[in-house]
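K.L.:
Got a structure for you, written out below as structure tokens; questions coming shortly.
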Amino acid sequence: MQTYGIFGLSFKTATIKTDNDAGRVLDAKYKFSTGVRAERRFMLEHVPVLKGAAQEGGRLRLEVTPMMDGQAFPAVDVPVILRGNITIDEAGDVLVNLRVQFSELDNAGLGVDTLLTASCCLECTVSNQPTLDEQIYTELKAEQQVQEDVDDLLKDTPPLLPPANIVLDAPADNSPAGLLARCSFGQLSSLLQAIGRSPADWADPSRTDEEDAAEWRTVLLQEWDALLATDVLTQMGLMEATSEPEDDMPFPTGSDDFGTQPSA
């Protein structure tokens, strides 16, 4: 399950009341905005994230960006409480009811008018423990960033040593096992997906990445022919593309000398 999300909101209505335990509170109804970028758009598949953040151990906050004369000021976070169910109105808008305590508004230096005219997003944190997919994504992004940093450093530097992928006096092991042994955790994950296997099948928090990687290599060796058929190894630069040999010609194609015919 996704463990974090932040979604755009549009204010609808609000009521101020006094709660016996929390004191003065603002019960506000918001709709989830549709005219926002994809990563901040709330979909029904995100309901478990919102529900999980609202439970004990999770965190539910409003990211409030005060606006004045069209100018945005630095955003502040305000804790909120989910009230009731998530509903859909006749217009198809997804609605959510949130309670804000006045004491929390005071701590954030906000007034009610400022809150109701601000640009708001609902930040949902279920757990600080990333999912397997989030771990893989983070590792792939880190590898990409490292490669970009190295490329920037070396683009104007003349080579002083042989390329890093050439090992002097020690030929590389180009066997399937040797190739897989050189693959990173993220590359192994991509190879698994290429043959229709999901890395999520190994989503056991008691296992380490090294244990998962070792089992993934075993599976990939067993499915080596299927992996070769996908051509993903060539696309990822792990294996050089092979080309069909050209048919032998009786004479060089660029030659004008086609021999001498015997005389009659």
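The values are calculated or read from the model by the stated rules, or taken from the named source; none is laboratory data. Remember, predicted model here, so these are calculated numbers, not experimental data. Cβ atoms come from the backbone with ideal geometry, glycine included; neighbour counts cover every protein chain shown. These accessible areas exclude ligands, DNA and RNA; they are computed on the full protein's heavy atoms, side chains included. Shrake-Rupley method; radii C 1.70, N 1.55, O 1.52, S 1.80 Å.
K.L.:
Rounded to the nearest 0.05, what FRET efficiency do Ile86 and Thr208 have when you use their Cβ-Cβ distance and R0 = 45 Å?
P.N.:
With R0 = 45 Å, the Cβ-Cβ based efficiency is 0.75.
K.L.:
Right, next: Placing +1 at every Lys and Arg Cβ and -1 at every Asp and Glu Cβ, with all other atoms neutral, what dipole size does segment 62-102 have around its Cα centre, in debye to the nearest 20?
P.N.:
240
K.L.:
Sorted by accessible area with a 1.4 angstrom probe, largest first, how do Trp216, Trp224 fall?
P.N.:
The ordering from most to least exposed comes out as Trp224, Trp216.
K.L.:
Moving to a separate point now. FRET efficiency for Ala142 and Gln222, Cβ-Cβ distance as r, R0 = 41 Å, nearest 0.05?
P.N.:
It comes out at approximately 0.90.
K.L.:
Subtracting the Cα-Cα distance from 0.36 nm times the residue separation, let me have the gained length for Ser198 to Lys12 in nm, one decimal.
P.N.:
62.8 nm
K.L.:
Return the tail of the calculated pair distribution for segment 1-136, meaning the percent of Cα-Cα pairs more than 21 Å apart.
P.N.:
Of all Cα-Cα distances in segment 1-136, 42 percent exceed 21 Å.
K.L.:
Using a 1.4 angstrom probe on heavy atoms only, work out the carbon and sulfur share of the accessible area of segment 11-119 in %.
P.N.:
46
K.L.:
Taking square-rooted eigenvalues a ≥ b ≥ c of the alpha carbon gyration tensor, is segment 3-77 rounded, prolate or oblate, where a/c under 1.5 means rounded and, failing that, a/b exceeding b/c means prolate?
P.N.:
Note, shape of segment 3-77 comes out oblate.
K.L.:
How much of Arg41 can a 1.4 Å solvent probe reach, expressed as accessible area in Å² and rounded to 10?
P.N.:
80
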